[in-house]
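Participant: Right, I'll just put the structure down here and ask away after.
Each value in this text was obtained by applying a stated rule to the coordinates, not by laboratory testing. Source: prediction; values computed, not measured. Please note: Cβ atoms are built from the backbone with ideal geometry, for glycine as well, and neighbour counts cover all protein chains shown.
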């Protein structure tokens, strides 16, 4: 166990990609807990596209991380000492630990105790059984509602949310087309996740491939990406299609927003319903979602794809993997065992 | 009564604005009706932005008007002879009469008989009590659902649908801001229709004015225009705002679709629900809508703004008034009394 608390502090807001200048790695003493607090050792940190949006000055659905503040992030840790009735030593907890090796849980900064499930990796609580899985479940169950036989397109389908959304759509009986970058990811989608088709957006003819993969048009767009890919999907939306607007990762590193989709008019012509959503509005659905998701996992019908990066000090470089598309599935960083 | 049937036939698809080349004015014999048909004398023709979209080769919610075919359009006429039980001589009928002086009603091409209401102009059946009014009513009643005190922004608020939508939103207790082109239209919105604020999009500082007119943001966007105006409205949408996507007139004369809104991302951040709709899906709501709308008209709470153009031969030039913004309220063309 480290004898100090390394923490990444926001030094300067990046205009584009996160660089070595963005954060400062500082070393503080391990916090001493008071009554009503618990000390938590960080074991895993979840890296998510949304983290990048918190670094901009413009508020999103959460206030920006302040300069000089510890970088905000979801993590999984273990309680090592507790002066709070809700937390017991040895318990696993999930929540906004931040990019630091030690965190303090309290009523003002609560963490969610989770049970270890035999045969399921603890990192599932950051992925399929956590915010990632809830995002995919809510997007399909409450918003997209694909019917059997309908065509669902998932962008960033080899990503954390996308890979779960695509599998849930298959479990709902939909025809599922995944969009991902590179032949390897596309093979994974059709072979391992058993999607009906995959479209490689790095291929020069990806637009034609998308058309060929959706001969009956598109009924549900589970949108994680935005930009040119979303535009091409919008152009193929069917009558009364649904757009589950979950993420727009293609623009998160852009200082100025890019133009919106040229095929926007199709939302009108096809009477499309588009719903933007942020998972934190739907935390009350967690129990129901986890019941479904863990059931599917136990039955071997749903799997967690995962990319693991080792070492706390790798956080600022690891997060850029999301924007390079160099992760597959959930990107997590191991801080300690 | 004319002794022939003048008709506008589509000659060539306009790449941009409708010109003198677009239609050919031909003269046919007055149709002779057979059993199951009724002969209708066209009295009024409704000019609507959507007419322009039917001239493009790309199908919209209706097939394109074919080259050589009579231009499609809604009109109001009087039955002058009938060999069909549903139509009686002297009756007013509304529907797709087309751009012609005489039309034939049949089971394959039905028209809707309407009663004359004392004190209400027959053109109300093309406006407030017709498709225009139904569009505004469905958009607010079934989609936007403004709550008392919420801020509703209506673009093209001095137009046919916009002027009705803005008045309905006021009747629902919302704070209503209308966007229109020119000081005269804006004065009409605040003085005659009693909207809370009007923003003149022809003023150089219209963006600042929109911000000033919506200090608490925007809860419902009744969108008729698209382009830069929609973009500025999207940027001010509140949490859980609704976009009633009714029309995108700013692009109807564009051969290639313009870029979509840069502030598209706000649909995600603010968890916005956007619903494209086309009124023909909602004709089953007509009776309920007309009950509300005619009630408000009788009580003097809702008025029809109207611009009348005289003369059948003016149709191809009159329709461009919609795109120049030179009409106020419903644009109708008088063919005959």
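Participant: Just to confirm the number: angle between the C-alpha axis of helix A:160-171 and the first principal axis of chain A, 0 to 90 degrees, nearest 10?
Facilitator: 50
Participant: Per residue, what volume in Å³ does the Cα convex hull of chain A take up?
Facilitator: Cα-based convex hull of chain A, divided per residue, equals 131 Å³.
Participant: Same structure again: What length, rounded to one decimal in nm, is gained on full extension from residue B:58 through to residue B:4, with 0.36 nm per residue of separation minus their alpha-carbon distance?
Facilitator: The span from residue B:58 to residue B:4 would gain 16.1 nm if fully extended.
Participant: In whole Å and largest first, what semi-axes does the C-alpha gyration tensor of the protein assembly as shown yield when each eigenvalue is scaled by 5 and square-rooted? Let's see the in-between values first.
Facilitator: Values: eigenvalues 634, 140, 92 Å².
Equivalent ellipsoid semi-axes, largest first: 56, 26, 21 Å.
Participant: Count the DSSP beta bridges whose two residues both fall in the protein assembly as shown, then state the antiparallel fraction as a percent rounded to the nearest 5. Before the final figure, lay out each step's value.
Facilitator: On the way: 66 of 118 bridges.
Around 55 percent antiparallel, to the nearest 5.
Participant: Okay, moving on. What residues of the stretch B:239-257 lie in the reach of a label at residue B:145, counting those whose backbone N is under 15 Å from a point 7 Å from the Cα along Cα→Cβ?
Facilitator: B:240-244
Participant: Continuing with this model, one more query. Neighbouring Cβ atoms within 10 Å as the yardstick, rank B:229, B:179 fewest first.
Facilitator: B:229, B:179
Participant: Continuing with this model, one more query. Taking a label point 7 Å out from Cα toward Cβ, give me the nm distances from residue A:80 to the same spot in the other copies, shortest first, one decimal.
Facilitator: Those separations, rounded to one decimal, come out as 9.5 nm.
Participant: Still on this structure, I have one more. From the helices alone, meaning DSSP H stretches of at least four residues, give me the mean residue ellipticity at 222 nm for chain B, per-run term -39500 (n - 2.57), in deg cm²/dmol to the nearest 500.
Facilitator: Only helices count here, giving -5500 deg cm²/dmol.
Participant: Separate question: Test of understanding: ordering A:62, B:210 by Cβ neighbours within 10 Å, fewest first, what list do you get? Please report the intermediate quantities before stating the final value.
Facilitator: Working: A:62 13, B:210 21.
Lowest count first: A:62, B:210.
Participant: Please compute, over every Cα-Cα pair in the stretch A:131-280, the percentage with a separation greater than 28 angstrom.
Facilitator: Above the 28 Å cut-off, the stretch A:131-280 has 9 percent of its Cα pairs.
Participant: Further question: Given the options A:159, A:119, A:247, which has the most mean-square fluctuation in a GNM of chain A, springs set between C-alpha atoms less than 10 angstrom apart?
Facilitator: A:119
Participant: Which ordering of A:218, A:9 is given by a fewest-first count of other beta-carbon atoms within 10 Å? All intermediate terms of the calculation are to be shown ahead of the outcome.
Facilitator: Numbers: A:218 24, A:9 18.
Fewest-to-most Cβ neighbours within 10 Å comes out as A:9, A:218.
Participant: Please compute the average number of Cβ atoms from other chains found within 10 Å of each residue's Cβ in peptide A:254-266.
Facilitator: 6
Participant: I would also like to ask the following. Quick one: with label points 7 Å out along Cα→Cβ, list the inter-copy distances for residue B:336 in nm, shortest first?
Facilitator: List, nearest first: 9.2 nm.
Participant: Top mean-square fluctuation among A:273, A:13, A:265, Gaussian network model of chain A, C-alpha springs under 10 Å?
Facilitator: Between A:273, A:13, A:265, it is A:265 that shows the largest mean-square fluctuation.
Participant: Could I ask something else about it? Tell me, Kirkwood radius of the stretch B:13-100 from alpha-carbon pair distances, in Å?
Facilitator: Result for the stretch B:13-100 stands at 14.6 Å.
Participant: Next up: What nm distance separates the two modelled labels at residue B:13 and residue B:336, each placed 7 Å from Cα along Cα→Cβ?
Facilitator: For residue B:13 paired with residue B:336, the spin-label model returns 3.4 nm.
Participant: With the crude spin-label approximation of a point 7 Å out along Cα→Cβ, what separation in nm comes out for residue A:194 versus residue A:21?
Facilitator: Spacing of the two 7 Å Cα→Cβ label points: 5.0 nm.
Participant: Still on this structure: Suppose the chain between residue A:69 and residue A:255 were pulled fully straight at 0.36 nm per residue; how much longer would it get relative to their current alpha carbon spacing?
Facilitator: Stretched out fully, the residue A:69 to residue A:255 stretch lengthens by 64.8 nm.
Participant: Assume the label is 7 Å from Cα along Cα to beta carbon: what separations in nm does residue A:202 have to the matching positions in the other copies?
Facilitator: 5.4
Participant: Residue B:240 label point, 7 Å along Cα→Cβ, cut-off 12 Å on backbone N: hits in the stretch B:127-155?
Facilitator: Flagged as within label range: B:147.
Participant: Rounded to the nearest 0.05, what FRET efficiency do residue A:308 and residue B:35 give with R0 = 51 Å and r taken as the Cβ-Cβ distance? Could you check?
Facilitator: 0.05
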